[in-house]
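Worksheet: the structure to be examined is printed underneath.
The values are calculated or read from the model by the stated rules, or taken from the named source; none is laboratory data. Just so we're clear, the structure is a prediction, and the values are computed from it rather than from any experiment. Heads up, the Cβs are rebuilt from the backbone with ideal geometry, glycines too, and the neighbour counts pull from every protein chain shown. Surface accessibility is based on the protein's heavy atoms, side chains included, excluding ligands, DNA and RNA. Shrake-Rupley method; radii C 1.70, N 1.55, O 1.52, S 1.80 Å.
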Amino acid sequence: MAFFVALYSTNWLTLWDSSIIVNHMVEQNNEEQLDHIFHALADPTRREMVRMIAAQERTVSELAEPFDMSLAAASKHIKVLERSGLLDRSIQGRTHTCRLNPGVMSRAMEWLQFYERFWTRQFDALERELNKAKKEEH
């Protein structure tokens, strides 16, 4: 019975599985952040806003200006970008200034590059097979 209690005690689970739990939480947070990033970038208005702040910091008014929308609507888009981490906003008085957070964008790029390498290898293998089949025909 003592072994059974020790096996299922909180201390044993904490000592045994702490790295697994932490790794799972980190993976889950990364996955959640990627979900937020790609959700934010799925909208053409937000992609354009990201492009604009990549060139230079912009106020909310400057970000809203090129679009046929109210400041409230632009602010909703900016909040989605903020939630994803792509955009940082600072407030000085009544002026809200937005800037790109390049670290978050690089996480999305790393994810995309993994799949780019995967598909490049797949297409390279297909090309080798097609070239081999072409040589065998002649």
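Taking 0.36 nm per residue of sequence separation and subtracting the Cα-Cα distance, how much length would be gained by fully extending the chain between R51 and Q113, in nm to one decimal?
Numbers: separation 62, 0.36 × 62 = 22.32 nm, distance 1.99 nm.
Length gained between R51 and Q113: 20.3 nm.
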- request: Search the structure for amide H atoms under 5 Å from the amide H of L87, placed 1.01 Å from N in the peptide plane, and list their residues when 5 or more places away or on another chain.
  value: E82, N101
task: Would you work out what percent of the accessible area of region 81-138, with all protein chains in place, is carbon or sulfur (probe 1.4 Å)?
output: 53 percent
query: With each pseudo-label sitting 7 Å past Cα toward Cβ, what's the A133-K76 distance in nm, one decimal?
result: 5.0 nm
- request: With 5 Å bins from zero, work out the P(r) of region 66-138 over every alpha carbon pair and list the percent per bin.
  value: 3, 12, 12, 14, 11, 8, 8, 7, 6, 6, 5, 4, 2, 1, 0, 0
- prompt: What does the accessible area of R117 come to, in Å² to the nearest 10, when a probe of 1.4 Å is used?
  reply: 120 Å²
Vicinal HN-Hα couplings computed from phi for region 112-121 (Karplus, 6.51 cos²θ - 1.76 cosθ + 1.60; Hz; Gly/Pro x): 5, 5, 4, 6, 4, 4, 4, 5, 4, 4
task: Please give the solvent-accessible surface of I78 in Å², to the nearest 10, using a probe radius of 1.4 Å with every protein chain present.
output: 0 Å²
- line: Expected vector for region 40-52, Karplus 3J(HN,Hα) from phi with 6.51, -1.76, 1.60 and θ = phi - 60°, integer Hz, x for Gly and Pro, equals 4, 7, 6, 9, x, 5, 5, 4, 5, 4, 4, 4, 5
- prompt: Spin-label point model (7 Å from Cα, Cβ direction): what's the D88 to T59 distance in nm?
  reply: 2.1 nm
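Do you know the relative contact order of region 20-138, to the nearest whole percent, from alpha carbon pairs under 8 angstrom that are 6+ apart?
Values: 88 pairs, mean separation 28.4, N = 119.
That works out to 24 percent.
Relative contact order of region 54-124: what whole-number percent is it, with Cα pairs under 8 angstrom and at least 6 residues apart? It would help to have the intermediate numbers written out before the result.
Numbers: 54 pairs, mean separation 20.7, N = 71.
Here the relative contact order equals 29 percent.
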